[in-house]
1. At a 10 angstrom cut-off on C-beta neighbours, averaged per residue, how do the peptides 72-81, 136-145 rank from highest to lowest?
2. How large a share of the accessible area of the chain, in percent, is made up of carbon and sulfur atoms when the probe is 1.4 Å and the other protein chains stay in place?
3. Per residue, how large is the accessible surface of the chain? Use a 1.4 angstrom probe and give square angstrom.
4. Report, in debye and to the nearest 20, how large the dipole of the chain comes out about its Cα centre when Lys and Arg carry +1 and Asp and Glu carry -1 on their Cβ.
5. Can you give the Rg and Dmax of the chain based on its C-alpha atoms, in angstrom?
6. Which value, in Å² and to the nearest 10, is the accessible area of Trp91 when all protein chains are kept and the probe is 1.4 Å?
7. Before rounding to the nearest 500, sum -39500 (n - 2.57) across all DSSP H runs of length at least 4 in the chain and divide by the residue total; then give [θ] at 222 nm in deg cm²/dmol.
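The values are calculated or read from the model by the stated rules, or taken from the named source; none is laboratory data. For clarity, every value in this text was computed on a predicted model and none was experimentally measured. Positions of Cβ are backbone-derived with ideal geometry, glycine not excepted, and every protein chain shown enters the neighbour counts. Protein only, heavy atoms only, side chains kept; ligands, DNA and RNA dropped before computing areas. Shrake-Rupley method; radii C 1.70, N 1.55, O 1.52, S 1.80 Å.
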Amino acid sequence: MSAVIGVVALQGGVRPHLEMLGRLGLAAREVRGAAELPGLSGLVLPGGESTAQGLLLERFGLGEALDDFVHSGRPLLATCAGLVLSAKRGWLELDLVRNGFGSQLHSFEAESDGGGHRLVFIRAPRIARVGASVEVVVRYRSEAVAVRRGSLWAASFHPELTDDPWLHRRVFGSVL
Ligand code: GLN
């Protein structure tokens, strides 16, 4: 059976993730139900609106299924609102300030510390504290903007909205 990466498609920016995974040669599809999760090799939680996404997760009965997915050790990439949900569900020990980089009007692009990565921020959550179990992967102005704990990765920016699939490749490289 070949590997399929799911993109949780209840709300938010699903398509750019599907396209980026496709560019890496990974089969990807939208996921809306808990019954679809066991067959997946990896998962993306896209950006969007985390309050709406949290409500929809409960309505679609996906909350606990996602907890199980994270604990299964399969790779998961959470972006922006997905990062907010990851902290809320206790998967990552982080303190966040929602919209901490400003409102929609303050969406911006920047370069990661040390260069190399173009970062797109859209009403991004700001990581105020990183717990000891969490590793910082990317910083911007000395602040953590991408983190991981084992197979679970989360970014406050939108890696799917640039031309460079570097973060998807790092997260899902083991599946390729
Ligand atoms: N500000 C949004 C939230 O907290 C996240 C924005 C995004 O995903 N681009 O839900």
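1. 72-81, 136-145
2. On the way: 3880 of 7900 Å².
That share works out to 49 percent.
3. 45
4. Charge dipole, the chain, about its Cα centre: 60 debye, nearest 20.
5. Reported Rg and Dmax, both Å: 14.8, 45.
6. Roll a 1.4 Å probe over it and Trp91 shows about 10 Å².
7. -7000 deg cm²/dmol
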